[in-house]
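A.B. asks: The structure's right below; bear with me while I get my questions together.
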Amino acid sequence: MALRIIPILLTLVMTAGSFTHASASDVKYKRSIESYTMPDVTLINQDGKKVRFRDMMASNRLIAVDFIFGTCTTICPVLSAGYANLQQRLGPDLNKVHLVSISIDPENDTPKVMKEYLKRYRAKPGWDFLTGSRNDIDAVMKAFDAYIPNKMAHYPLTLIRSSQNGSWVRLFGLLSSSEFLAECRKAGL
Amino acid sequence: MLILPLIFCLTTSAASKATTVEPGLPDKALHFGEKMYREGLLPSGEAMQAYVNGDTPAPGTSFTCISCHLRSGLGSIEGGINTPPTTGKYLFEKPEPINLTKYRHFDPSRPVYTDASFAAMLRGGVDPAGRVLNYVMPRYHLHDDDMAILIRYLKRLSSTFSPGVTEQELHLATVITEPGNAEAEFYYRALQTLIAQKNNMVKSFGKEPRKTRMAEAMLMSREAAFKRIVVKKWVLTGPPDTWRAQLEQHYRKEPVFALIGGFSAGSWQPVHQFSEEHQIPCLLPVTDFPVISDNDWYTLYFSKGLFQEGAAAARYLLRETDGHDRGAVIQIVDDTVSAKALRDGFNSVWDNGGATAARTILLTPGTSLQVIFQQNKGATFVCWTGNHALAKLSEALLAGYGLRHIASYGYLGSTIYSLPPKARSSLFITYPYRLPHQEKNYDAYVNSVSSVLHPSTPQQVRLLKQAYAVYQVLSQALIDLKGSYYRDALLDVIGMNMAPGMGMGLVLDTTFPLYERFSFGPGQRYASKGCYIVQLTDEKNPGLINRSDWVIH
């Protein structure tokens with residue numbers, strides 16, 4: 001029993017500080033400009049196709065990246081509704097933006113699960129959902145300084161890569177769809 | 001310093017009265033309400049319209065109430081966003097402060113909702129105190145009729161505790177389908193031993209007030225610290241089509257809160273169906289034949305069993321042969337449910353993998369494996385045959401006709417270690433557990449039971465570890481449930497708190513014995529999703545080397 005009690009205490013100490021009660025006033029997002037180095041890993045997309053992640057991130061389209069998983073509650077639906085809505089708003093500019101969602105539950109997120117997820121959000125071409133080995137996914141999360149060791153830290157994060165100079169805008173928090181579109185414009189859309 | 005505040009918030013446990021009322025759906029309106037709540041569909045069949053984050057329209061089918069408030073309606077916490085309960089009790093009756101999980105305490109200061117103020121809130125996002133709700137909570141445009149249906153549903157949602165709970169006891173049952181089966185008996189004893197150890201703890205807590213306070217604080221749940229767990233044994237006899245009636249009879253006599261563990265050497269389907277229809281959670285039965293379903297809710301399995309091994313074999317083959325000429329792929333199956341499960345799993349992947357169809361040959365008693373190999377020289381043979389055919393498999397492997405061969409550890413068991421060295425080099429084996437040399441580090445997890453039960457075979461060690469996993473999942477769930485004895489809430493907390501990498505409290509996805517990773521997420525029903533492809537080493541007492549990662553995409 002003694003063995004088992006210690007981890008509980010530890011997790012309490014770790015999480016007690018990070019918990020905040022969300023309310024209408026504190027949902028503004030934080031914004032910063034970053035530069036990241038992409039790991040050379042091969043991931044799998046919703047069609048089961050292999051994807052060289054570094055190549056994908058080096059395209060000259062505008063890229064947005066977020067971290068979700070197929071069965072996640074609360075923040076994933078909100079993030080994904082944001083992606084879906086952006087695609088809707090882009091109209092003829094649809095193919096100027098490449099939306100990428102990276103699974104943080106690669107064990108469960110098989111191509112089949114990811115494809116169904118995208119269908120549920122009425123995703124159009126240009127929105128890819130990527131899974132892979134646990135190590136490769138960890139490498140990607142670390143590269144974006146987004147390593148998510150536990151659930152309390154799974155905060156909504158969106159990253160946008162400028163099509164002009166390759167720098168990244170880091171957006172921490174949930175954005176409304178006008179805010180998201182405005183951020184894409186600033187990044188060169 | 002840390003413990004004090006915990007003790008305070010623990011003293012107001014809401015749940016302790018027993019009841020036998022079950023939530024059901026006596027009328028059509030409730031059925032429609034459930035569809036709105038769970039699926040985001042209006043009675044008309046159209047999607048509810050939701051607005052998220054202020055201005056983002058989204059179909060209600062991707063924004064169902066359950067994706068945040070969960071199936072039980074008790075809410076969730078995720079990504080720093082605290083979703084309150086949305087049950088009738090909490091909305092329409094005088095809200096009392098409640099502790100839902102160890103991180104979530106609600107003390108709503110707003111007035112109670114009326115039907116009208118609820119409708120106003122759902123449409124406009126302002127609560128009866130005039131507070132504008134966080135815009136993560138969508139705004140829903142609903143007509144009055146539909147609104148009334150949803151309200152009616154919420155008033156019923158998690159309104160009475162599920163059966164099987166008394167002031168001092170939580171009643172559970174273990175279903176065993178093979179009377180006299182030694183493995184089943186051993187497994188049941190392992191489970192009982194673990195539960196008895198917990199109950200002894202409860203007894204000792206009760207004696208010393210100081211210990212009691214410590215236990216409450218440490219376990220963060222009066223319930224886990226103070227309720228005795230009673231596990232009944234429900235033995236089913238005769239053929240599977242008679243089990244349902246037996247289950248009903250047991251249930252009438254002993255209306256338990258949930259089923260835990262359980263053992264069947266054959267089908268689990270009738271028990272699965274029983275759980276689904278009575279809405280009784282069933283945690284982790286030991287079976288090679290879990291029901292494979294994307295939507296069923298009530299049974300949590302260790303894995304997809306043999307089906308999963310079959311699927312892993314197909315993924316491995318597809319990946320290994322990607323971009324090459326695949327040659328013929330032939331599944332050889334014997335006439336058993338095991339071979340059928342393996343084949344179904346294989347086909348579920350292979351048929352969508354873009355490869356040419358795999359042929360299947362049924363191995364009848366008269367046909368020779370070696371002749372099949374010889375007639376199809378150079379093919380990849382996927383051999384779903386059991387250990388009765390091991391000698392034949394060995395001969396056929398030695399004859400060297402095939403390009404590569406695949407077999408199942410789950411089906412063949414540890415007899416594969418007896419294959420002669422020459423037969424090993426072209427044989428790949430699906431292995432659904434952590435590799436043996438690493439698994440050694442996890443043996444200590446079950447010391448407290450193995451010192452009582454002295455397991456003598458690899459199977460018994462495995463059963464002990466499985467019983468241990470059941471016990472861990474149950475203990476953590478009872479802590480997180482915090483006295484909210486609703487069956488759906490039990491499954492909700494397991495889904496939320498056992499999501500991957502999200503180890504809170506006792507349970508981490510990487511610290512279960514037996515499986516490399518073991519986790520659930522919301523709605524996920526198979527804990528282990530991985531499987532290795534291994535080969536036997538050349539040594540006299542061979543070991544295993546993995547030829548694939550744990551998860552094969």
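A.B. asks: Once the Cα atoms of helix B:182-207 and of chain B are each reduced to a long axis, what angle between those two axes, in degrees from 0 to 90 to the nearest 10, is obtained?
C.D. replies: Orientation of helix B:182-207: about 30 degrees from the principal axis.
A.B. asks: Let me know the shape class of region A:29-93, please: from the alpha-carbon gyration tensor, a ≥ b ≥ c as square roots of the eigenvalues, rounded when a/c is under 1.5, otherwise prolate if a/b is greater than b/c, or oblate.
C.D. replies: Rounded is the answer for region A:29-93, as its axis ratio a/c remains below 1.5.
A.B. asks: Per-residue HN-Hα couplings for region B:544-551, Karplus 6.51 cos²θ - 1.76 cosθ + 1.60 at θ = phi - 60°, whole Hz, x for Gly and Pro?
C.D. replies: 10, 10, 7, 10, 8, 6, 5, 10
A.B. asks: Most exposed first by the Cβ proxy, i.e. fewest other Cβ within 10 Å, how do A:LEU174, B:LEU390, B:LEU397 rank?
C.D. replies: Ranking A:LEU174, B:LEU390, B:LEU397 by Cβ neighbours within 10 Å, fewest first, gives B:LEU390, B:LEU397, A:LEU174.
A.B. asks: Mind checking A:98-108 for the average number of partner chain beta-carbons within 10 Å of each residue's beta-carbon?
C.D. replies: 4
A.B. asks: Let me ask you something else. So if we plug the beta-carbon distance of B:LYS253 and B:GLN459 into 1/(1 + (r/R0)^6) with R0 = 22 Å, what FRET efficiency do we get, rounded to 0.05?
C.D. replies: E between B:LYS253 and B:GLN459, to the nearest 0.05, is 0.10.
A.B. asks: Also: If each residue's Cβ is checked for other Cβ atoms within 10 Å, how do B:LEU398, B:LEU435 rank with the fewest at the top?
C.D. replies: In order of increasing Cβ crowding within 10 Å: B:LEU398, B:LEU435.
A.B. asks: Could you tell me whether the protein assembly as shown comes out rounded, prolate or oblate from its Cα gyration tensor? Rule is a ≥ b ≥ c as square roots of the eigenvalues, rounded for a/c under 1.5, then prolate if a/b exceeds b/c, otherwise oblate.
C.D. replies: oblate
A.B. asks: Report, in deg cm²/dmol and to the nearest 500, the calculated mean residue ellipticity at 222 nm for chain B, where each DSSP H run with n ≥ 4 adds -39500 (n - 2.57) and the sum is divided by the residue count.
C.D. replies: -11500 deg cm²/dmol
A.B. asks: Let me ask another. Taking the Cα-to-Cβ direction at B:ALA355 and at A:GLN88 and moving 7 Å from each Cα, how far apart do the two end points lie in nm?
C.D. replies: That separation, rounded to one decimal, is 4.1 nm.
A.B. asks: Something else: Find which of A:TYR155, A:GLN87, A:TYR117 sits farthest along the positive direction of the dipole of region A:29-186, computed with +1 on the beta-carbon of Lys and Arg, -1 on that of Asp and Glu, about the Cα centre.
C.D. replies: Positive-most Cα among the choices belongs to A:GLN87.
A.B. asks: I would also like to ask the following. Give the aspartates and glutamates whose C-alpha is closer than 19 Å to that of A:LYS186, dropping any in the same chain fewer than 8 places away, or say none.
C.D. replies: A:GLU34, A:ASP66, A:ASP93
A.B. asks: Using a cut-off of under 19 Å, list every residue of region B:326-364 whose amide N is near the label point 7 Å from the Cα of A:ASP47 along the Cα-to-beta-carbon line.
C.D. replies: From region B:326-364, the list is B:350-356.
A.B. asks: Once the Cβ-Cβ distance between B:SER109 and B:GLN374 is put in as r, and R0 is 56 Å, what FRET efficiency do you end up with, to the nearest 0.05?
C.D. replies: Plugging the Cβ-Cβ distance into 1/(1 + (r/R0)^6) gives 0.10.
A.B. asks: Using a 10 Å cut-off around each Cβ, can you sort B:VAL132, A:VAL78 from fewest to most neighbouring Cβ atoms?
C.D. replies: Neighbour counts put them in this order, fewest first: B:VAL132, A:VAL78.
A.B. asks: Also, quick follow-up: Subtract the Cα-Cα distance of B:LYS233 and B:ASN541 from 0.36 nm times their separation in residues, and report this length gain in nm to one decimal.
C.D. replies: 106.9 nm
A.B. asks: Cα convex hull of region A:93-168: mean projected area in nm², to one decimal?
C.D. replies: 6.0
A.B. asks: Continuing with the same structure: Shape of region A:29-186 from its Cα gyration tensor (a ≥ b ≥ c, root eigenvalues): rounded if a/c is under 1.5, otherwise prolate when a/b > b/c, or oblate?
C.D. replies: It comes out rounded by the Cα gyration axes.
A.B. asks: Give me the distance in nm between label points sitting 7 Å out from Cα along the Cα-to-Cβ direction at B:ASN199 and B:SER425, one decimal.
C.D. replies: 5.8
A.B. asks: Right, another one. Starting from the Cα of B:LYS540, draw a straight line to each of the lysines and keep only those under 30 Å, dropping any in the same chain fewer than 8 residues away.
C.D. replies: Within reach: B:LYS377, B:LYS392, B:LYS422, B:LYS440, B:LYS465.
A.B. asks: While we're here: Can you tell me which lysines have their Cα less than 26 Å from the Cα of B:LYS253? Leave out same-chain residues fewer than eight positions away.
C.D. replies: Leaving aside lysines fewer than 8 places away in the same chain, those within reach of B:LYS253 are B:LYS17, B:LYS198, B:LYS227, B:LYS232, B:LYS233.
A.B. asks: For q = 0.09, 0.12, 0.13 Å⁻¹, what log10 I(q)/I(0) does chain B give under the Debye formula with an equal point scatterer on each alpha carbon and no solvent?
C.D. replies: The calculated log intensity ratios at q = 0.09, 0.12, 0.13 Å⁻¹ are -0.76, -1.19, -1.30.
A.B. asks: Also, I was wondering about something else. Relative to the longest principal axis of chain B, what angle (0 to 90°, nearest 10) does the C-alpha long axis of helix B:144-156 take?
C.D. replies: Helix B:144-156 and the main axis of chain B meet at about 80 degrees.
A.B. asks: In chain B, which longest range has no GluC sites (Glu not before Pro) that are both DSSP loop (not H, G, I, E or B) and surrounded by at most 16 other Cβ atoms within 10 Å?
C.D. replies: With a cap of 16 other Cβ atoms within 10 Å, the longest stretch comes to B:168-538.
A.B. asks: Turning to a different aspect of this structure: So for the pair B:GLN168, B:ASN441, with labels modelled 7 Å out along Cα→Cβ, what separation do we get in nm?
C.D. replies: It works out to 4.4 nm between the two label points.
Here, each number is a calculation from the coordinates, and none is a lab measurement. Please read all numbers here as calculations on a predicted model, not as lab measurements. Heads up, the Cβs are rebuilt from the backbone with ideal geometry, glycines too, and the neighbour counts pull from every protein chain shown.
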